[in-house]
Amino acid sequence: MWNKYSSAFESDVDQYYSYLPSLFIYKSKNLNYPEASRYWANVTEDGARVPKTSIGMAYTYLPFFLPAYIVQSTFGDVNTGYEPVYENFAKIWGVLMAFFCLWLMYKLVRLSFSKTIGVATAYLLFFGTNILFYSMGLGLMAHMPLLILFLLIVLITEKLKTQSGLKLLLSLLFFIALAAIIRPSDAIIALYPGVQFLINKDLRDNLLIRLKKPLNWLWMVLIVSSPIIPQLLYWKLASGNWIVYSYGDEGFFFDKPMIYEFLLGFRKGWIIYTPLIIFSFLGLILGRKQKHISSGLTFGILAIAVFVYSSWWAWWYGGSYGSRTMVQYLALLVLPTAYVLNCIRTSKFIIKIPALAILTFVVVLNLVQTKQYKSGVLHWDGMTFDAYKAIFMGADKPYDFYGMIQVPDYNGRKYTGVEYNNMVYAKSGHEIITSTFGTALSKECGIDLNYIQLKAYTQRTDGGILVLSATNDQGEDVLYYKKPLYNAIDKEGKVFTLIDVYVTGKPTKGTILRAYVYNDTDHPIEVHELELSAY
């Protein structure tokens, strides 16, 4: 899915990566050097630019960064951290993590099930969920390393029920601490071993053997603090403060969680774009009495995670395929999924055939939707039910696809917790334009605008121009866009034209928005509908 034209260091990945070039190449304690302008940063009171993201992901990049750094420093003329050797090592590391993920899922299943079920479960989850996209497509995003850590935490917790090794305990604590420093909210995973320590006698007895020795407590403190202390030291050196909230004005709305939309909404719904988890939930219910399936605990952790992540201001998490924040939590569903597959394997044909058919369809659906997202058919943040129906299992967008999407109101949610709180909206009905200008939609803005969308549905015609303009309260023109009516595609004689634009800093409160069709032909133009929306 990566190709020779795409960079491994895009978007979020570049921000996680910022620590390594800064510290190793530019010897800078913050992002105040000129080359660091590419990074997102929080500016402290004394002007220091601190990375928006934590240092955790930079740890996971060291296995490819250090050899690339040595090669480039030895043989290269310049060393910025972005030469081809870094790109190539990074992409290889991303692919290796994908195979490691498959192996860990297999090893986890093998604790309780056969080799066949182990292989089937690993491949089903890999190809039937967005693990595929966030490994082979964006393997350096946080989700694959976090999934690997979660798998290790679950695997070690299950092993500690029958073993009492100190190395296992220290490894478990280190992986939890590393997951927490990558994404603090993912410290939720500590509940998996923590609660089982309280309720599972075998696990508790095996751990208490190690906890009786004072020296082991010292080792535990050192292991837990090892990934955290470098972050605290960095913040102190960069800003003078031990703790920095680097996300600025971004935060949670715990009083306004978008739980339904997070799970079942067509923008990013976890169940909508990862329907395989329905089988996993079934496994949690049917396998609730199995030794290695902690159904109540798993449902509880998932409920907390859904609540927390659906409360984040941008609960859809920008441009992504499905619910990317829940990728790592699929680690908790590996054993329940394996249990369902084992039940299907031993069931009668009247159950087995339909179940396998549904699973096959789910995998095919995920493969199709992954390709749709990569090719731009599945919109990155504006999907709706109508848009989903229009592209379902298809390779192309319909002519009026962009009239179906609904781009999120980022500022509305960010500052008020409510999307489309003050949307400017106007709509016109059917009109046949026989003169030069059609009847204009006109709307005064009660807020400063960031995004404007104008849709026009017209009868197919030669010529015609869709116009969007804005005049401020002093009568000055502040915005003007025009676009020829889109007449290349004919669907039952009706065509669709769209103007959409981000206009941050332009039309402000008091601005008058106008939208109309300009007839530059010598014949009438039939307009079915104009729709103007802005926020």
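The values are calculated or read from the model by the stated rules, or taken from the named source; none is laboratory data. Treat the numbers as computed from the prediction; the structure is a model and nothing was measured. Please note: Cβ atoms are built from the backbone with ideal geometry, for glycine as well, and neighbour counts cover all protein chains shown. Just so you know, the surface numbers come from the protein's heavy atoms only, side chains and all, with ligands and any DNA or RNA stripped out. Shrake-Rupley method; radii C 1.70, N 1.55, O 1.52, S 1.80 Å.
Where Rh denotes the Kirkwood radius from the mean inverse Cα pair distance, what is Rg over Rh for the stretch 273-321?
Checking Rg against Rh, the ratio lands at 1.08.
Using alpha-carbon pairs under 8 Å, 6+ residues apart, how would you state the relative contact order of the chain in percent?
Once normalised by length, the contact order is 12 percent.
Would you mind getting the accessible area per residue of the stretch 33-153, heavy atoms of the protein chains only, 1.4 Å probe, in Å²?
40
Excluding E250 itself, calculate the net charge of residues whose Cβ lies under 11 Å from the Cβ of E250, where each Lys or Arg counts +1 and each Asp or Glu counts -1.
+2
Taking the mean number of other Cβ atoms within 10 Å as a proxy for protection, how do you rank 518-528, 172-182 from highest to lowest?
172-182, 518-528
Excluding L31 itself, what net charge comes from residues whose Cβ is under 11 Å from its Cβ, given Lys and Arg +1 and Asp and Glu -1?
My count for the surroundings of L31 gives +3.
Between helix 56-75 and the chain, what is the angle of the helix's C-alpha long axis to the longest principal axis, kept within 0 to 90° and rounded to the nearest 10?
In the chain, helix 56-75 runs at an angle near 90 degrees to the longest axis.
With a 1.4 Å probe and all protein chains left in place, how much of the accessible area of the chain comes from carbon and sulfur atoms, in whole percent?
The nonpolar share, carbon plus sulfur, comes to 62 percent.
Translational D (Stokes-Einstein, µm²/s) of the chain at 25 °C and 0.890 mPa s when Rh comes from the Kirkwood sum over C-alpha pairs?
93
Determine the alpha carbon to alpha carbon distance for each of K236/K414; K268/K397; K455/K494; K52/K414; K374/K483 and list only those over 22 Å.
Check vs 22 Å cut-off fails for K236/K414; K374/K483.
For the stretch 450-464, in order, what is each residue's ³J(HN,Hα) by Karplus, 6.51 cos²θ - 1.76 cosθ + 1.60 with θ = phi - 60°, in whole Hz (x at glycine and Pro)?
Working through the residues one at a time gives 10, 9, 10, 9, 10, 10, 9, 10, 10, 7, 4, 8, 8, x, x Hz.
Rounded to a whole number, what is D in µm²/s for the stretch 154-268 from Stokes-Einstein with the Kirkwood radius over alpha-carbon pairs (37 °C, 0.692 mPa s)?
Stokes-Einstein gives a translational diffusion coefficient of 195 µm²/s.
Enter the accessible area per residue of the stretch 322-449 (Å², integer; probe 1.4 Å; all protein chains in place).
I get 47 Å² per residue for this part.
Kindly state, as a whole number, the per residue volume in cubic angstrom of the convex hull around the alpha carbon atoms of the stretch 303-396. Don't skip to the end; give the middle numbers.
On the way: hull volume 11.9 nm³, N = 94.
Enclosed volume per residue, from the Cα hull, is 127 Å³.
Using only helices, what value at 222 nm comes out for the chain when you add -39,500 (n - 2.57) per DSSP H run of length 4 or more and divide by the total residues, to the nearest 500 deg cm²/dmol?
So the helix-based figure for the chain works out to -14000 deg cm²/dmol.
Output the relative contact order of the stretch 245-393, whole-number percent, from Cα pairs under 8 angstrom with separation of 6+ residues.
Relative contact order of the stretch 245-393: 30 percent.
Using only Cα atoms, what is the ratio of the radius of gyration of the stretch 404-535 to 2.2 N^0.38 Å?
1.09
Determine how many Å³ per residue the convex hull of the Cα atoms of the stretch 135-208 encloses. All intermediate terms of the calculation are to be shown ahead of the outcome.
Values: hull volume 6.1 nm³, N = 74.
Given the Cα convex hull of the stretch 135-208, per-residue volume reads 82 Å³.
Relative to the longest principal Cα axis of the chain, at what angle does helix 166-182 sit, 0 to 90 degrees, rounded to 10?
The angle comes out at about 20 degrees.
Please quote Rg/Rh for the stretch 66-172 to two decimal places, taking the Kirkwood radius as Rh and restricting both calculations to Cα atoms.
Rounded to two decimals, Rg/Rh equals 1.11.
Quick one: dipole size for the stretch 327-433, taken about the Cα centre, charges +1 on Lys/Arg Cβ and -1 on Asp/Glu Cβ, in debye to the nearest 20.
So the dipole magnitude of the stretch 327-433 works out to roughly 600 debye.
Angle between the Cα long axis of helix 84-109 and the longest principal axis of the chain, 0 to 90 degrees, nearest 10?
60
Just to confirm a number: summing +1 for Lys and Arg and -1 for Asp and Glu over residues other than L172 whose beta-carbon lies under 13 angstrom from that of L172, what do you get?
It works out to a net charge of +3.
Using protein chains only and a probe of 1.4 angstrom, how many square angstrom of F385 are accessible, to the nearest 10?
My reading of the accessible area for F385 is about 100 Å².
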